[in-house]
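Engineer: Please see the structure below; I have some questions.
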Amino acid sequence: MTTLLESQLRECVGPYAQAYPDQLIRLFPRIADRVAGLWGRPELDDYFNALLIDDRGNRRGFPLPVASELMALSRVYDLVRKVPLARPPDIWGLVTRLN
C-alpha cells in the first residue's frame, strides 16, 4: 500500500522516477516528509545544503545510498525549476591570462 508521503514524493520527482528516494523514506521518514513539504519553496535549497554539507564538523553523515538520493533529489528540484548546472571555471582561460 502506498502512503501519502510516497505519493507526494512520486509527484515531486515527476518524470524523473529514477530519483525516487526509497532509502530516504525507509531510514529517515521525517527528512523525507520535510523535503516533500518544502518542495516548490525556495527554502528547500537551504534544507538540502544543510543536510548535505557539514558546517559543524562533527556529523557522521548519511549512509551512501541516502546521500546519493538526497543529491539526486536536489538535482531534480533544480531540473524541475529549470535551474542550469553550474559551469566549472575555465582553468585554461585563466592560464592564458596569466601568461
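Engineer: Rounded, prolate or oblate, given the Cα gyration tensor of the stretch 34-78, with a/c below 1.5 counting as rounded?
Structural biologist: Oblate, because a/c is 1.5 or more while a/b does not exceed b/c.
Engineer: Further question: Modelled label-to-label distance, Arg56 and Ser7, 7 Å Cα→beta-carbon offset: nm?
Structural biologist: Distance between the two pseudo-spin positions: 3.5 nm.
Engineer: From the helices alone, meaning DSSP H stretches of at least four residues, give me the mean residue ellipticity at 222 nm for the chain, per-run term -39500 (n - 2.57), in deg cm²/dmol to the nearest 500.
Structural biologist: Using -39500 (n - 2.57) per qualifying helix, the result is -18000 deg cm²/dmol.
Engineer: When the dipole is taken about the Cα centre of the stretch 4-98, and only Lys, Arg (+1) and Asp, Glu (-1) are charged at their Cβ, what size is it in debye, to the nearest 20?
Structural biologist: Approximately 140 debye in magnitude.
Engineer: Could I ask something else about it? Specify the angular offset, from 0 to 90 degrees and rounded to the nearest 10, of the alpha carbon long axis of helix 29-38 from the longest principal axis of the alpha carbons in the chain.
Structural biologist: Around 70 degrees separate the two axes.
Engineer: Still on this structure: For the chain, with the dipole built from +1 on Lys and Arg beta-carbon atoms and -1 on Asp and Glu ones, taken about the Cα centre, which of Pro29, Gly57, Gly40 lies farthest toward the positive end?
Structural biologist: Checking the options against the dipole of the chain, the answer is Gly57.
Engineer: Sticking with this one: Debye sum, Cα scatterers, the stretch 4-98, no solvent: what log₁₀ I/I(0) at q = 0.15, 0.16, 0.22 1/Å?
Structural biologist: For the stretch 4-98, the Cα-only Debye profile gives -0.63, -0.69, -1.14.
Computed from the coordinates by the stated procedures, all read-outs in this text should not be read as laboratory data. Bear in mind that the values here come from a model prediction, so they are computed numbers and not experimental data. Neighbour counts run over all protein chains shown; Cβ positions are idealised from the backbone, glycine included.
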